[in-house]
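Reading through the structure tokens given below for one structure.
Throughout, read-outs are computed from the coordinates displayed, never taken from laboratory work. What you see is a predicted model; the values in this text were computed from it and never measured. Note: ideal-geometry Cβ built from the backbone for every residue, glycine included; neighbour counts use all protein chains shown.
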């Protein structure tokens with residue numbers, strides 16, 4: 001199969017990737033967005049977005065559709081593909097090998113985002129999809145009128161826990177600390193929600209089931225040392241993020257944890273390779289910050305290609 005060339009290839013079609021594609025295609029560049037899943041990234045797993053300017057409130061999947069329409073209005077293309085390797089040729093061309101063909105570009109933008117960390121406890125893998133979930137919007141309806149637990153104390157845990165109260169009979173938030181890390185407005189709503197309860201200073205040590213579905217979690221209180229059990233039908237896990245950067249680590253552009261290092265132009269240490277959004281080492285990971293990164297990356301990809309003409 002012949003290698004198809006584009007001026008710019010964007011790997012990842014979340015909010016940042018789509019913005020980069022918009023900026024690059026608007027500059028009359030040929031642009032390909034590659035993603036292993038549907039466009040929108042984690043927005044598709046978000047029930048409600050309240051902090052994106054222009055919308056008082058909008059469903060995550062609806063915002064993804066709006067962004068995709070913008071991203072493709074200047075002829076940017078979208079294709080499904082799981083990236084396997086990225087190599088840089090002697091002439092600076094970046095070769096992107098995927099399970100859906102190979103592509104080449106002089107300007108590569110990495111926008112692969114992050115994924116939820118696993119608890120790495122017994123039963124988690126066994127009952128994944130059978131009571132263990134990392135997406136309340138995707139799986140919450142399976143637990144209508146049932147008790148569930150949410151593991152975590154950040155924004156995602158509290159937002160998704162609040163969403164689950166619309167479906168579940170009770171949501172028990174299990175957090176390893178004695179206070180939440182979520183934004184104060186989210187905390188205030190959670191504490192006022194009669195269907196949410198909180199188990200503090202506690203970690204989940206095992207997820208237990210009957211062979212078909214989850215029935216309980218085993219826990220350990222870090223302060224008292226007490227081991228106990230909580231009966232539940234569902235376990236929703238939000239304990240942090242990991243960068244999706246595996247195919248790019250051989251380029252030498254990540255830190256020890258796998259986050260991609262860039263400058264303020266979103267440029268990595270490899271000429272013509274840019275990174276943006278949640279996969280980048282940065283302070284705040286939000287839709288708004290990803291969009292800002294995307295505009296910068298798209299513009300600087302254009303600037304890089306112009307510099308090659310000199």
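Rounded to a whole number, what is D in µm²/s for segment 1-107 from Stokes-Einstein with the Kirkwood radius over alpha-carbon pairs (10 °C, 1.306 mPa s)? It diffuses with D of about 110 µm²/s by this estimate. For segment 44-94, the alpha carbon convex hull comes to 146 Å³ per residue, rounded to a whole number. Give the angle, between 0 and 90 degrees and rounded to the nearest 10, that separates the Cα long axis of helix 15-26 from the longest principal axis of the Cα atoms of the chain. Tilt relative to the chain: about 20 degrees.
For the chain, the relative contact order works out to 21 percent when only alpha carbon pairs closer than 8 Å and six or more residues apart are counted. To the nearest ten degrees, helix 155-164 and the longest principal axis of the Cα atoms of the chain are 60 degrees apart. Considering only alpha-carbon pairs that sit under 8 angstrom and 6 or more positions apart, the relative contact order computed for segment 118-237 is 32 percent. Averaging 1/r over each pair of different alpha-carbon atoms in the chain and inverting the result gives 20.7 Å, the Kirkwood hydrodynamic radius.
When both segment 243-300 and segment 94-137 are represented by their alpha-carbon centers, they are found 16 Å apart. Using equal-weight Cα scatterers in the Debye expression, the normalised intensity of segment 118-237 in log10 at q = 0.13 Å⁻¹ is -0.44. Pairs of Cα atoms nearer than 8 Å and 6+ residues apart set the relative contact order; for segment 160-310 it is 12 percent.
In units of the rule-of-thumb radius 2.2 N^0.38 Å, segment 47-130 shows an alpha carbon radius of gyration of 1.56. Between residue 147 and residue 169, the contour length at 0.36 nm per residue exceeds the alpha carbon distance by 7.4 nm. May I ask you to compute the full-extension gain from residue 197 to residue 231, defined as 0.36 nm times their residue separation minus their alpha-carbon distance, rounded to one decimal in nm? Working it through step by step, the gained length comes to 10.9 nm. The C-alpha atoms of the chain define a longest principal axis, and helix 60-71 lies at about 0 degrees to it. Sorting the segments 194-207, 293-306, 36-49 by their mean number of nearby beta carbons within 10 angstrom, highest to lowest, gives 293-306, 36-49, 194-207.
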